[in-house]
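The values are calculated or read from the model by the stated rules, or taken from the named source; none is laboratory data. Keep in mind it's a predicted model, so treat the numbers as computed, not measured. Cβ atoms come from the backbone with ideal geometry, glycine included; neighbour counts cover every protein chain shown. What goes into the accessible areas is simple: the full protein's heavy atoms, side chains included, and nothing from ligands, DNA or RNA. Shrake-Rupley method; radii C 1.70, N 1.55, O 1.52, S 1.80 Å.
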Amino acid sequence: MSFKDSKKHTTLCVVDVVGTERISPNIIRVTLGGDQLQQLPNHGFDHWFRLFLPQEQGETSFDLPNRIDTIGYLKYLRMPSATRPHLRNYTVREFRPQARELDIDFVVHGDEGIATRWVQRTKQGDTVALLDQGRGYDFEPDTTYHLLAGDETALPAIAGILRDLPRDATGLALIEIPDPADAQPVDAPTGVQLRWLARESPARPGATALAAVQAWTTDTPATVSAYFAGEQNLPTTARRHLVDAGVPKRRITFTGYWKLGRSH
Ligand SMILES: Cc1cc2nc3c(=O)[nH]c(=O)nc-3n(C[C@H](O)[C@H](O)[C@H](O)COP(=O)(O)OP(=O)(O)OC[C@H]3O[C@@H](n4cnc5c(N)ncnc54)[C@H](O)[C@@H]3O)c2cc1C
């Protein structure tokens, strides 16, 4: 399973907001709940999904395609704009299938953005929909070292990967956060070092984690697996560094979660 397989997943769940909590200076945790979560496969790791958010005013239709391939996306675009939900991408922070509850950690980044505005005003009982996209991190079974790096938007993904890696895994996880108080308790294998990197203000988001990746070297590039996510420049430049260090391209999972100055 990897980012390449995301279009194969077809579970669409219409759910309600159960609660919200600002868990740290820049992160609001939203708990979603509902019977339709019974159908959601639990992929673990960096399990992500398409999130359909309501219009700021008026009615929203959640009669959505259950696949975002070319045809599904066209169907979505053909919905009347007045009732079409907004579409963004998010990660499962924690899934509790028995309780039919799922947490999402939203980074709050001002009010320029539909999702960041929504999370600051949403309340219990609001409806959203999520479309399963599977997991992205696809590491080889012979991996001897995991290198994971991301900004605060990738915190849920890296925390999920650390939670679900084999307990004897070894490696290094680098998570850049805007404020030291955004660090969270994470269940990581004892052999994986987790470093929280407070962003050096006024650096570009991702630049601090990127510098740490660029300082990293290895004697065994052939058995490294890597995962890079966050503001576009971090994953793409980090990947180039690893390729130069001899890590085979197929062993590097990388994806731009967002792009500075550009709406989704
Ligand atoms: C697979 C995947 C999983 C993701 N998981 C998560 C997750 O669990 N939690 C999470 O918070 N995000 C996550 N993201 C990132 C999230 O989808 C983007 O940050 C998204 O752009 C937010 O939408 P918006 O409507 O708030 O802003 P947009 O309308 O997309 O953008 C508006 C403006 O805000 C800027 N912007 C967007 N995001 C940020 C940011 N984080 N910090 C500063 N400026 C920003 C844009 O550059 C643009 O100028 C994920 C992305 C992907 C692809």
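In the set 217, 208, only one residue is open to solvent by 30 Å² or more (accessible area, probe 1.4 Å) and away from the ligand (no atom under 12 Å from the Cβ); that residue is 217.
Any residue at all in region 86-101 that is assigned to a loop (DSSP other than H, G, I, E, B), within 12 Å of the ligand (Cβ to nearest atom), under 23 Å from residue 20 (Cβ atoms) and modelled with pLDDT of 95 or more? There is at least one residue in region 86-101 that is assigned to a loop (DSSP other than H, G, I, E, B), within 12 Å of the ligand (Cβ to nearest atom), under 23 Å from residue 20 (Cβ atoms) and modelled with pLDDT of 95 or more. Please name all residue pairs, on different chains or six or more residues apart, with Cβ atoms under 7 Å, provided the first residue is in region 222-239 and is on the phi > 0 side of the Ramachandran plot and the second residue is in a strand (DSSP E or B). If the second residue must be in a strand (DSSP E or B), the pairs left are 230/150; 230/257.
Flag: residue 125 does not match the condition of being of a type outside the set (D, E, K, R), exposed (fewer than 14 other Cβ atoms within 10 Å of the Cβ) and within 13 Å of the ligand (Cβ to nearest atom). Inside region 1-13, residues that are open to solvent by 50 Å² or more (accessible area, probe 1.4 Å) and aliphatic (A, V, I, L, M) make up a count of 1. Summed over region 153-177, the residues that are in contact with a helix residue (DSSP H, G or I) (Cβ under 6 Å, 6 or more places away or on another chain) and in contact (Cβ under 8 Å) with a residue 40 or more places away in the chain give a count of 2. Comparison of 242, 210 shows that the only residue that is touching a strand residue (DSSP E or B) at 6+ places or on another chain (Cβ under 6 Å), touching a residue at least 12 places away in the same chain (Cβ under 8 Å) and not β-branched (Val, Ile, Thr) is 242. Going by the structure shown, is residue 20 of a type in the set (Ser, Thr, Tyr), within 24 Å of residue 138 (Cα to Cα), in contact with a helix residue (DSSP H, G or I) (Cβ under 8 Å, 6 or more places away or on another chain) and more than 13 Å from the ligand (Cβ to nearest atom)? It is false that residue 20 is of a type in the set (Ser, Thr, Tyr), within 24 Å of residue 138 (Cα to Cα), in contact with a helix residue (DSSP H, G or I) (Cβ under 8 Å, 6 or more places away or on another chain) and more than 13 Å from the ligand (Cβ to nearest atom). Sub-7 Å Cβ pairs linking a first residue in region 1-20 that is more than 23 Å from residue 33 (Cα to Cα) and outside the structural domain of residue 161 (by TED's automatic domain parsing) to a second residue that is at pLDDT below 95 and open to solvent by less than 50 Å² (accessible area, probe 1.4 Å), at least 6 apart or interchain, are 7/68; 7/69, ordered by first then second residue. Cβ-Cβ distances below 6 Å connect the following pairs, each with a first residue in region 68-79 that is touching a residue at least 24 places away in the same chain (Cβ under 8 Å), a second residue that is of a type outside the set (Phe, Trp, Tyr) and part of a helix (DSSP H, G or I), and a separation of six or more residues or different chains: 69/7.
A count restricted to region 102-122 and to residues that are outside any loop (DSSP other than H, G, I, E, B) and either open to solvent by 10 Å² or more (accessible area, probe 1.4 Å) or more than 18 Å from residue 259 (Cα to Cα) (or both) stands at 11.
Selection of region 194-203 for residues being surrounded by fewer than 14 Cβ atoms within 10 Å (Cβ to Cβ) and touching a strand residue (DSSP E or B) at 6+ places or on another chain (Cβ under 8 Å) yields only 195.
If the condition is being open to solvent by 60 Å² or more (accessible area, probe 1.4 Å) and among the polar types (S, T, N, Q), then region 234-264 contributes only 263. Residues in region 29-59 that are touching a Ser or Thr at 6+ places or on another chain (Cβ under 6 Å) and not charged (D, E, K, R) were compared, and the one that is farthest from residue 114 (Cα to Cα) is 39.
Against the conditions (1) within 10 Å of the ligand (Cβ to nearest atom); (2) surrounded by fewer than 17 Cβ atoms within 10 Å (Cβ to Cβ), residue 155 satisfies every one except (2).
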